[in-house]
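The values are calculated or read from the model by the stated rules, or taken from the named source; none is laboratory data. In this text the structure is predicted, and so the values were computed from the model without any measurement. Every residue, glycine among them, receives a Cβ derived from its backbone with ideal geometry; neighbour counts consider all protein chains shown. Calculation scope for accessible area: heavy atoms of the full protein, side chains included, ligands and nucleic acids excluded. Shrake-Rupley method; radii C 1.70, N 1.55, O 1.52, S 1.80 Å.
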Amino acid sequence: MSTNKQPMTISEKIFSKAAGKTVKAGEFVLANIDRAMTHDITGPLAVEGFYEIMRDKEEKKVWDPSKIVILFDHQVPADSLNAAANHTMLRKFAKEQGIINYDVYEGVCHQVMPEKGHVKPGDLVVGSDSHTCAYGSLGAFSTGIGSTDMAAVFASGKLWFKVPETIRFEVEGKLPKHVYSKDVILHLIGDVGAEGARYMAAEYAGSTIDAMSMSERMTISNMAIEMGGKAGIIEADKVTENYLKERIPDYEFDPYWASDEDAECELHKYDVSNLEPQVACPHNVDNVKPVTEVEGIKVDQVFVGSCTNGRFEDIEVVAKMMGDEPVAKGVRLLIIPASRTEYMKVLRAGYVEQFMEAGAMVESPCCGPCMGGSFGLLGDGEVGLATSNRNFKGREGSPQSFVYLSSPATAAASALTGEITDPRKI
């Protein structure tokens, strides 16, 4: 446990370990990185930057290949010659450097990293993708960085940070029927706004969070960036310990990685006992309304998947809500599990057959239409409802399209009716 008299947040503790000295919020530190991740979109520029940094070195080797992970998930399988060239480049780099490369086979980076045991409580993790904050669900400080910063990490294993202040969300109450963790995080983002946690560590606590599964917690942490957060942290507990012991045989829980009582933070309290299903409306994630205020809006496409809500638990909600009912006429329902592991759970449960018979499309694990760079894009004037994390103009296709965000339950209800629908009515 900490020997410091001054109470510390979990972020201050992690940065103190990474900097090799006691630090506090507001200080600038050169920190040692525990794990670095890059993918097929941001990786090529990071590799080019790495070789530029190392151009005068006789041996052009990364600082520690065992601490770097590469995945392909945004454009898989390669959907253009440029994508194919990027994949080829990264395969060559990984082989040359001895880096783990999951290639196109495992799924979305933010699902695969925790799933494969690459993240632990107390770790400082960086990824060249803004939703790297998802790993904070395991009690790590995990944050997105740019490709040029990743090049520096590849070369040195270190990076400069300003230790962030903490904004703590204490959430209490039992969630009502058909209200889920996605509704909770949308509600929080709608309350504090897109810049409400700018360059802060968003810390989630309270009885509601404690009762959540790891899947539900990943949804919460994933969207910290949508309120401007540098990270989204949930303190490790028994749920975390059980999840990690399945993936890291020698993992031992350390209670140190938690904020001390009376640690300095900005505190926000919520009671979600009567929370309605929430929907983020175009074209900003903080434009959040109860589903009852947007019911009846016609949808052309429903997308269930992404690193936010593409796990088995999410897809099972959709399967159970749909039952034997078909997808509404004129609606495209895309189901994309977040990883190969999650896909196999869905397959073995019989849900792939159920969805296909209902008129849906089930795709291999990848980001899909989430960032508008692969398949399933929206055309001019079309309306999409997605379980993903962003609805900016042009995010999932045409700049003249409209994207709403919701929980898997609201998505399922809407796929059945062809319009945004309160899942409590199904």
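Please identify every one of the GluC sites (Glu not before Pro) in the stretch 168-234 that sits in a loop by DSSP and has no more than 12 other beta carbons within 10 Å of its own beta carbon.
Glu195
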Rounded to 5, percent antiparallel among DSSP beta bridges of the chain: 20
For the chain, accessible area per residue (1.4 Å probe, heavy atoms of protein chains only), Å²: 40
Partner aspartates and glutamates for Lys5 [C-alpha distance under 16 Å; skip if fewer than 8 residues away on the same chain]: Asp260, Glu261, Asp262, Glu264
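Would you mind classifying the stretch 151-304 by shape? Square roots of the alpha carbon gyration tensor eigenvalues, ordered a ≥ b ≥ c; an a/c under 1.5 is rounded, otherwise it is prolate if a/b is larger than b/c and oblate if not. Walk me through the intermediate numbers first.
Details: a/c = 1.64, a/b = 1.42, b/c = 1.15.
Prolate, since a/c reaches 1.5 and a/b exceeds b/c.
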Spacing of the two label points (7 Å from each Cα toward its C-beta) at Glu195 and Ser80, in nm: 3.2
Entries in Lys269/Lys345; Lys67/Lys245; Lys238/Lys345; Lys345/Lys425; Lys67/Lys345; Lys92/Lys238 that, when Cα-Cα distance is taken, lie over 31 Å: Lys269/Lys345; Lys92/Lys238
Fully extended contour minus Cα-Cα distance, from Asp250 to Leu30, at 0.36 nm per residue: 76.3 nm
Cut-off 17 Å (backbone N to label point 7 Å along Cα→Cβ of Asp64), residues of the stretch 108-142: 117-127, 140-142
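By its C-alpha gyration tensor, with a ≥ b ≥ c as the square roots of the eigenvalues, how is the stretch 37-138 shaped: rounded for a/c under 1.5, else prolate for a/b larger than b/c, else oblate? Numbers along the way, then the final one.
Values: a/c = 1.92, a/b = 1.17, b/c = 1.65.
Taking the square roots of the gyration eigenvalues as a ≥ b ≥ c, the stretch 37-138 is oblate.
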Bins of 10 Å from zero: percent of alpha-carbon pairs in the chain: 5, 23, 32, 26, 12, 2, 0
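Of all the accessible heavy-atom surface of the chain, with the other protein chains kept in place and a 1.4 Å probe, what percent is carbon and sulfur?
Details: 8240 of 16920 Å².
Summing carbon and sulfur atoms, their accessible area is 49 percent of the total for the chain.
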Exposure of Tyr102 as accessible area (Å², to 10), given a probe of 1.4 Å and all protein chains: 40
Cα-projected label distance for Asp380 with Lys425, points at 7 Å along beta-carbon direction, nm: 3.2
Residues Met356 and Ser156, FRET efficiency given R0 of 60 Å [Cβ-Cβ distance, rounded to 0.05]: 0.75
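Stretch Gln6-Glu261 to full length: gain in nm at 0.36 nm per residue minus the Cα-Cα span?
Gain on extension, Gln6 to Glu261, equals 90.8 nm.
For Ala211 and Ser398, what does the FRET efficiency come to when R0 = 35 Å and r is the distance between their Cβ atoms, rounded to the nearest 0.05?
Computed FRET efficiency for Ala211 and Ser398: 0.30.
Taking a ≥ b ≥ c as the square roots of the Cα gyration tensor eigenvalues, with a/c under 1.5 meaning rounded and otherwise prolate when a/b beats b/c, else oblate, which class fits the stretch 86-238? Each step should come with its number before you reach the end.
Values: a/c = 2.20, a/b = 1.67, b/c = 1.32.
Prolate, because a/c is 1.5 or more and a/b exceeds b/c.
Tell me what the chain gives for mean residue ellipticity at 222 nm when only DSSP H runs of n ≥ 4 count, each as -39,500 (n - 2.57), the sum divided by the residue total, rounded to 500 deg cm²/dmol. Write down the numbers at each step before the final one.
Numbers: 14 runs with 130 residues, N = 426.
Taking each H run of at least 4 residues, the total per residue is -8500 deg cm²/dmol.
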Rounded to the nearest 10 Å², the accessible area of Arg340 at probe 1.4 Å: 120
17 Å tail of the calculated P(r), the stretch 141-209, as % of Cα pairs: 57
